[in-house]
Structure formats: C-alpha cells, structure tokens
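Below: one structure, written as structure tokens.
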Amino acid sequence: MPDDSGYHFDPDFIVDHLGDLGTGLLRTLAISAIGMAGALIVGALLGAISALRVPVARQLITVYVEVFRNTPLLVQIFFLYFALPETGLQLGGFTVGWLSLLLWGGAYNVENFRAGFEAVEGGYVEACRALGFPRLAAFRHVTLPIGARIALPSVTNILISVFKNSSFMVAISYPELTETAVNIVAVTFRVFEMFLAIGIVYLGLVWLMSLGARAVEGRFAIPGGH
Amino acid sequence: MPAWVGPVADYLAGGLRETALLALVSIAASLLVGILLGALLTLPSKPVRAVVRAYVEIWRGLPIIIILFLIFFVLPIIGVRVNTFIAAAIGLSLWGSANVAEVVRGAVQSVPRGQAEAAAALGFSWTGRMRHVLLPQAARRALPPLIGLVVNLTQQTSLAAVIGLVDILEASQRSIERLTLSGGSTHAVPILGAVLAVFFVICLPLTMLSRWYERRLH
C-alpha cells in the first residue's frame with residue numbers, strides 16, 4: 001500500500017511474527033476462557049440468590065453489581081494491579097487479567113440472570129409449589145431452566161465482551177495479543193500490518209463466537225417463544 | 001488532611017475536565033451518526049444496508065482499544081495529524097455510533113409493520129414515515145439501551161489514557177508515580193479509589209434512570 005509518506009505494506013512481516021502473535025493469542029484465550037467461565041458461574045449463582053431474595057446476601061450482591069457496572073473496567077484493572085499491592089496483596093498480570101474480567105463480566109451477568117429468573121411467570125412456580133415442591137426444588141426445576149433461557153442472549157453478549165475486553169490488559173503490559181502487537185510496533189513501526197493482523201483475528205473470533213452463541217440460543221430456544 | 005491531597009485533587013480535577021469533554025463530544029457524535037445509520041439500516045435499499053451493516057459489524061466487533069490504536073497510529077501514516085483528544089473522540093465515536101445504530105434499528109423494527117404501511121398508504125414519504133411515525137415510537141423503546149450506551153461511553157473514555165490523553169485516569173497514574181518518586185509512598189488506594197468514586201457518582205444515577213424508564217415501559 002504505497003502512499004505519499006512512503007509507507008509500504010509488507011505482508012511477509014506478519015508471517016515473520018506469527019510465533020510471537022500466537023503466544024500472545026494463547027494468553028488472550030487463557031485469560032478470556034477463565035474470565036468467561038467465571039462470569040457465567042458467578043452470574044448464574046449470584047443471580048439465583050438475588051432472585052430468591054435471600055436477605056443480606058441480596059443486598060451485598062446489589063452492592064457488588066452496582067460498583068462493577070458503574071465504574072470503568074480499565075480503572076478496576078488499575079486498582080487490582082496498582083492499588084492492591086499497597087494493602088499487601090500483590091497480583092501478577094495473568095491473575096489480574098482473568099480476575100478483572102471475571103468480576104466485571106460476573107456483575108453484568110448477575111443482572112442478566114436475575115432479570116431472566118424474575119421474568120419467569122409466577123404461575124409456574126405457584127403451580128409447582130402447590131404440587132408440594134419445596135422452594136429450592138421449584139427454582140431448580142422450573143425457574144432455572146426457563147429463566148436461564150430467557151437470559152441466554154444477554155449473557156452470551158457479555159461473554160463475547162469479556163473476550164474483547166481482554167485487550168484492556170495492554171494497559172498493565174500483560175503480553176496478551178494486543179500488548180504483543182503494540183510491542184512489535186514499538187520496535188518495528190509496522191503499524192498497518194500489525195493492527196490489520198490482530199484486528200482480523202479479533203473480528204474473526206468475535207464472529208465465530210457470535211455464530212456459536214446463535215447456535216446455542218437456537219438449540220435452547222423456548223418452543224413457541226416467550 | 002495530608003499535604004499531598006490538595007495538589008493531587010487539583011490535578012485530578014483537570015483530568016476530569018478532559019474526561020467530561022471527551023465523553024460529551026463522543027456521546028453527541030455517536031448519537032448523531034448512530035441514529036442516522038440506524039435509520040438507514042431500515043431502508044429497503046440492499047446496497048445501502050450492506051455498506052452500513054459492514055460499518056456497524058466492524059466497529060462493534062473490534063475491541064475499543066484496538067480502534068483507538070488504529071486511529072492513533074494509522075491516521076498519521078496516511079498524513080492526518082491528530083492529537084490524542086481528537087483520536088480518542090474519533091475512536092469512541094466509531095464504536096459508539098455503530099452500537100447506537102444497532103439499537104435504533106432494533107427499536108424501529110420493533111414498531112408494528114402496519115404503522116409504516118398505514119403511513120405509506122396515506123402518502124407519507126420514507127422521511128415522513130420515519131420522522132412522524134416510526135422514530136417517535138422507536139425513541140421510547142430505544143431510550144433505556146441508549147442511556148446504557150451513554151454510561152458505557154462515559155466509562156470507555158478512560159481508555160484514552162492508554163494512548164496518552166491526560167484524562168482523570170492518566171492524571172491519577174501520574175500523581176501516583178510522582179508521589180512514589182518524591183516520598184516513597186504511592187497512596188494508590190485512595191487516589192484510584194477516588195477515580196472509581198467519581199465514575200460511580202456519574203454513572204449510577206444514569207443506570208438507575210435507564211432501569212426506571214425500562215420498568216415504566218412494561
């Protein structure tokens with residue numbers, strides 16, 4: 001791509017750095033996978049406690065959710081990485097990576113699951129209770145399977161955001177994919193090649209995840225809609 | 001109050017001004033461009049929709065930090081000189097407008113089909129149908145998610161720190177570094193805690209407003 005400034009696009013350059021980029025991508029996938037799995041579990045568990053209106057626990061969960069939803073993920077990452085050591089808790093880049101993503105995604109998913117559980121028609125649970133099911137059993141057999149399906153599209157959206165936001169770790173110099181690319185750019189100035197390469201990788205993976213999410217949503221769709 | 005607090009607070013206030021200005025510019029541009037693109041996505045013309053769809057998919061699909069790096073590093077290479085503020089504003093607006101467009105498209109298409117057909121039968125042009133029939137109804141449905149996007153954009157301004165804008169987050173980092181160099185103690189907990197608190201105080205009322213409005217719609 002020659003232009004006025006004399007910049008020449010060099011595709012071989014990407015090939016030369018595939019090894020480094022691959023290592024970075026593996027780190028991106030590692031912190032994303034732990035963060036996504038954790039955000040799913042935390043969201044479902046705390047969302048259920050919240051929907052069941054367990055006293056005290058529900059209020060504590062609300063505080064967690066509101067704090068993490070109403071502050072920037074990047075500032076949360078900085079707090080974990082730069083401020084916690086002051087309190088004697090030193091966390092490495094990898095730990096801050098998956099932990100910050102888990103806490104952030106978890107907070108959004110608590111809301112998604114809670115809303116899903118609360119959207120389940122009251123009559124279903126009442127019928128279940130009338131048949132003699134204890135409260136928890138009614139939740140497990142009725143509210144959970146229906147509510148989780150209602151919550152599914154918003155939950156998968158957040159999980160995909162967790163993957164995209166793993167790139168925020170560039171701010172604490174954890175060498176995931178974006179930080180790896182920025183470091184290569186810093187010594188070689190091959191800006192176009194690098195950002196084109198990782199841009200395609202991120203877009204491709206997001207696209208694949210969206211396809212997967214739609215497939216899962218289709219598989220678990222409530223027959224006849226809701 | 002310890003002596004370090006005053007100067008740090010002043011410095012953070014300067015950063016907050018940058019943050020607020022960046023948020024306002026990005027929100028305004030995102031809404032303006034996004035509503036227009038969202039309306040275009042409901043046009044019958046396939047080529048128009050394909051072009052807008054590509055824009056939306058690219059800028060929604062990329063991580064925001066990659067968009068900021070793209071703008072910040074790539075624009076100078078093609079001969080466009082921009083400072084960090086403009087680069088951040090462009091990057092956030094690309095991301096924001098793509099997301100607004102998707103919200104607006106969803107809201108317009110959720111208005112029952114018969115409404116547009118009735119307006120067409122009465123002789124309204126596309127712009128007339130949009131302005132007088134579809135957009136006013138879509139606006140009510142789009143409002144809660146749009147407020148959510150405003151909160152999101154406000155929070156994402158902190159990413160401008162990564163490309164070097166002295167916003168509130170970068171100001172806090174520099175304060176922490178300066179305190180470490182001069183006194184040895186970093187005071188990172190109260191300083192970053194204050195940054196979290198500032199965002200929380202701005203975003204929580206908006207989040208609550210969005211939730212309240214959403215509940216009122218149902």
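The values are calculated or read from the model by the stated rules, or taken from the named source; none is laboratory data. Just so you know, these numbers come straight off a predicted model, no measurement behind them. Cβ coordinates were reconstructed from backbone atoms using ideal geometry, including for glycine residues, and neighbour counts include every protein chain displayed.
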How many of the residues in segment B:188-215 are more than 8 Å from every other protein chain (Cβ to nearest Cβ), of a type outside the set (A, V, I, L, M) and more than 17 Å from B:V8 (Cβ to Cβ)? 7
Do we have any residue at all in segment B:80-94 that's within 30 Å of B:G128 (Cα to Cα) and either more than 11 Å from chain A (Cβ to nearest Cβ) or free of Cβ contacts under 8 Å to residues at least 12 places away in the same chain (or both)? yes
In segment A:5-59, how many are more than 26 Å from A:L144 (Cβ to Cβ), in a loop (DSSP other than H, G, I, E, B) and not hydroxyl-bearing (S, T, Y)? 5
Is one or more of the residues making up segment B:17-28 surrounded by fewer than 17 Cβ atoms within 10 Å (Cβ to Cβ), of a type in the set (V, I, T) and within 14 Å of another protein chain (Cβ to nearest Cβ)? no
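Going through A:V110, A:V125 one at a time, which residue ends up being at negative phi, touching a Phe, Trp or Tyr at 6+ places or on another chain (Cβ under 9 Å) and buried (at least 22 other Cβ atoms within 10 Å of the Cβ)?
A:V110
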Condition first: crowded, with 20+ Cβ neighbours inside 10 Å, away from chain B (no Cβ under 11 Å) and among the hydrophobic types (A, V, I, L, M, F, W, C). Can you find one or more residues in segment A:89-98 that meet it? yes
Hey, among the residues in segment B:172-200 that are touching a Phe, Trp or Tyr at 6+ places or on another chain (Cβ under 7 Å) and at pLDDT 95 or above, which one's nearest to A:N183 (Cα to Cα)? B:L192
So, in segment B:32-58, of the ones that are surrounded by fewer than 16 Cβ atoms within 10 Å (Cβ to Cβ) and of a type in the set (A, V, I, L, M, F, W, C), which residue ends up farthest from A:T178 (Cα to Cα)? B:L43
Within segment A:68-88, the residues that are within 7 Å of another protein chain (Cβ to nearest Cβ) and under 18 Å from the mean Cα position of the chain (by Cα) are A:R69, A:N70, A:T71, A:P72, A:L74, A:V75, A:F78
Filter result (at the interface with chain A (Cβ under 7 Å from one of its Cβ atoms), assigned to a helix (DSSP H, G or I) and surrounded by fewer than 24 Cβ atoms within 10 Å (Cβ to Cβ)) within segment B:163-187: B:I176
Residues within segment B:59-95 that are surrounded by fewer than 17 Cβ atoms within 10 Å (Cβ to Cβ) and among the small types (G, A, S), tallied: 1
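Listed here are the residues, each with its yes/no results for (1) assigned to a loop (DSSP other than H, G, I, E, B); (2) in contact (Cβ under 8 Å) with a residue 24 or more places away in the chain.
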{"residue": "B:A29", "(1), (2)": "no, yes"}
{"residue": "B:G34", "(1), (2)": "no, yes"}
{"residue": "B:G38", "(1), (2)": "no, yes"}
{"residue": "B:P44", "(1), (2)": "yes, no"}
{"residue": "B:Y55", "(1), (2)": "no, yes"}
{"residue": "B:R60", "(1), (2)": "no, yes"}
{"residue": "B:I65", "(1), (2)": "no, yes"}
{"residue": "B:L75", "(1), (2)": "no, no"}
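Do you know which residues across segment A:80-119 are farther than 30 Å from A:A151 by Cα, of a type outside the set (S, T, N, Q) and not in a loop (DSSP other than H, G, I, E, B)?
Across segment A:80-119, the qualifying residues are A:Y81, A:F82, A:A83, A:L84, A:P85, A:E86, A:G93.
Looking at segment A:172-226 only, could you name the residues that are in contact with a Lys or Arg (Cβ under 6 Å, 6 or more places away or on another chain) and exposed (fewer than 12 other Cβ atoms within 10 Å of the Cβ)?
Matches in segment A:172-226: A:F220, A:I222.
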Quick check: anything in segment B:126-139 basic (K, R), assigned to a helix (DSSP H, G or I) and more than 12 Å from chain A (Cβ to nearest Cβ)? yes
